[in-house]
Amino acid sequence: MTPPASPAAAPVDRRRELRADCSACAGLCCVLPAFAASADFAIDKPAGRACVHLTTDARCGIHADLRQRGFPGCTVFDCFGAGQRLVQVAAVERPAADPGVAAAFPVLRQLHELLWYLAESAALPLPAPLRADVAALTGRTERLAAGDPAELAAVDAAALRAEAGQLLGRVSAAVRPGGRDRRDADLIGADLRRTDLRGSSLRGAYLIGADLRGADLTAVDLLGADLRAADLRGADLSGALFLTRPQVAAARGDGATRLPAALDRPAHWTAAPVTARRPRRRPGGRGGAAGR
Ligand code: SF4
């Protein structure tokens, strides 16, 4: 007897694999980037110099109190798992002091962020030709990400971002039910509590300090949207598109905020409110490696 046909396997969302494991890294994000004293960082630090709070075993000595100690910028940085991967590949004694690692790290971080968006895309219900394009770019990005530090440093990340931005735009258009296009809109401080945003594109929009309490963000494209200090208390983002940990960490939320399954609730969401001051940029703070 012919066995019944198996139901089509549900697409696997691989985003959970693209997360930092600081225990397997060497404090790259606490040494390589520069940061300036601001609302995000309590001190100035030049590129390539270890933060004063980095311990000898490459851990943050104030990890549990970063916001209270004036380092909220550290809580919104995410390497998407690029740091530990690069440390393993480079196999040098002091990775954070290695010029090759320094050149490769920002590139690999961008590739991993792109893989995040592509993994989400692959889990969406797309028409077959678009699914094939997502798979092809995923494969190409994976091969680039598997390079050694010299190969990574030579990757034309800007060109790849631009190409990915086009593809992710097609993915977005395929799964959104025709909401408004508010791409790159200036919505700083806007009261959006009673605005029907479902299905909209807010790609690259400036939502700093916007009031989104209780908003339904189902099928809203948030790729690269600036959510710093946006009020997401009670909002439903469980079906939002292209949302990342840095965006969520930079926003304000509570126990009633609903997030996509791939994202955890930031620890500070139950703590004191964040301010709506404009923090300075640090690579990765806004999210959106893909060209918008
Ligand atoms: S404060 Fe902690 S997380 Fe931030 S750069 Fe310094 S050591 Fe790293």
The chain: most fluctuating residue of 260, 246, 129 per GNM, C-alpha cutoff 10 Å: 129
Label-to-label distance, nm, for residues given as residue 59 and residue 151 (7 Å Cα→Cβ offset): 3.4
Computed FRET value (nearest 0.05) for residue 91 with residue 124, which takes r as the C-beta separation and R₀ as 45 Å: 0.75
1.4 Å probe accessible area per residue over the chain, in Å²: 47
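Expressed in nm to one decimal, what extension gain is obtained for the pair residue 143 and residue 52 from 0.36 nm per residue of sequence separation less their Cα-Cα distance?
29.2 nm
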For region 86-241: relative contact order, % (alpha-carbon pairs under 8 angstrom, 6 or more apart): 16
When the convex hull of its Cα atoms is projected in every direction, mean area for the chain (nm²): 17.2
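Kindly provide the helix-only [θ] at 222 nm of the chain, computed as the sum of -39,500 (n - 2.57) over DSSP H runs of four or more divided by all residues, to the nearest 500 deg cm²/dmol? Don't skip to the answer; put the middle values down first.
Values: 7 runs with 85 residues, N = 292.
Computed ellipticity for the chain at 222 nm equals -9000 deg cm²/dmol.
In whole percent, and with a 1.4 Å probe on the protein chains, what portion of the accessible area of the chain is carbon and sulfur? Don't jump to the answer; show the numbers that get you there.
Details: 7350 of 13710 Å².
C and S atoms contribute 54 percent here.
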Mean separation of Cα contacts under 8 Å (6+ apart) over length of region 12-175, as relative contact order %: 24
Net charge of Cβ neighbours under 12 Å - reference residue 119; Lys, Arg +1; Asp, Glu -1: -1
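Let me know the shape class of region 12-175, please: from the alpha-carbon gyration tensor, a ≥ b ≥ c as square roots of the eigenvalues, rounded when a/c is under 1.5, otherwise prolate if a/b is greater than b/c, or oblate. Don't skip to the answer; put the middle values down first.
Values: a/c = 2.29, a/b = 1.70, b/c = 1.35.
Prolate, because a/c is 1.5 or more and a/b exceeds b/c.
Could you please put 206, 117 in sequence from largest to smallest accessible area, using a 1.4 Å probe? Before the final figure, lay out each step's value.
Working: 206 90, 117 0 Å².
Result of the area sort, largest leading: 206, 117.
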Debye log10 I(q)/I(0) at q = 0.15, 0.19, 0.20 Å⁻¹ for region 140-275, Cα point scatterers: -0.74, -1.04, -1.11
Extension gain from residue 103 to residue 254, taking 0.36 nm per residue of separation minus the Cα-Cα distance: 50.6 nm
Inter-site label distance for residue 184 and residue 166 at 7 Å from Cα along Cβ, in nm: 1.7
Whole-Hz couplings from phi, Karplus 6.51/-1.76/1.60, listed for region 88-104; x for Gly and Pro: 5, 5, 5, 6, 10, 5, 10, x, 5, 9, 8, x, x, 5, 4, 6, 7
Highest-MSF residue in the chain out of 235, 36, 225 [GNM, Cα springs under 10 Å]: 36
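The values are calculated or read from the model by the stated rules, or taken from the named source; none is laboratory data. Since the model is a prediction, treat every value here as computed from it, not as a measurement. Using ideal geometry, Cβ is built from the backbone for each residue, glycine included, and neighbour counts are taken over all protein chains shown. Accessible surface is based on the protein model in full, side chains and every heavy atom, while ligands, DNA and RNA are left aside. Shrake-Rupley method; radii C 1.70, N 1.55, O 1.52, S 1.80 Å.
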